[in-house]
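Chemist: Would you mind keeping the following structure in view while I ask a few things?
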Amino acid sequence: MEHSQQLTLNPFQGISESERNVLDPKIREAIKNFAVLDGAFVIREDGVVLAAGRYLQVGEGKVELPLGLGARHAAAAAITVETSAVAISVSQSSGTVRVWKGGQAVLELQQVARRS
């Protein structure tokens, strides 16, 4: 939290921890709805959402990104250099999910076409 700042109203503020844990299937729809907000989610290691709609503030740490990745990927990679956090980014254009640790993409999941 100390490496981020609130951009919008935090939709999880004032809600009990038991009602904002990403491990609970009942919160999945809310997570999907709030994911369209600008900014990052901050989730504690036990799955409790601390905030959504946050701007990640990182220092001068430079990260090497593949061509075509933008600001959301750079912020996700950089926050993992400055902290012990793991970050997840989702590409708006391709739907590719990347998991970042230590400034590197350690997992990449491509979206597959759905059958009708």
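The values are calculated or read from the model by the stated rules, or taken from the named source; none is laboratory data. Remember, it's a predicted structure, so these values are computed and weren't measured experimentally. A quick note on method: Cβ atoms are made from the backbone with ideal geometry, for glycine too, and the neighbour counts reach across all protein chains shown. Areas reflect the complete protein model, heavy atoms only, side chains present, ligands, DNA and RNA absent. Shrake-Rupley method; radii C 1.70, N 1.55, O 1.52, S 1.80 Å.
Chemist: For segment 69-111, give me every one of the strands (runs of 3 or more DSSP E) that falls completely inside it and has 1 or more residues that are more than 20 Å from residue 32 (Cα to Cα).
Modeler: Numbers: elements: 87-90, 97-101, 104-109.
It comes to 97-101, 104-109.
Chemist: If I go through segment 8-38 residue by residue, how many of them are open to solvent by 80 Å² or more (accessible area, probe 1.4 Å), modelled with pLDDT of 90 or more and part of a loop (DSSP other than H, G, I, E, B)?
Modeler: 3
Chemist: Condition check: within 15 Å of residue 39 (Cβ to Cβ), open to solvent by 80 Å² or more (accessible area, probe 1.4 Å), within 10 Å of the chain's Cα centre (by Cα) and of a type in the set (Lys, Arg). Does residue 54 satisfy that?
Modeler: no
Chemist: Restricting attention to segment 1-26, which residues are free of Cβ contacts under 8 Å to residues at least 12 places away in the same chain and not charged (D, E, K, R)?
Modeler: The answer is 14, 15, 16, 18, 25.
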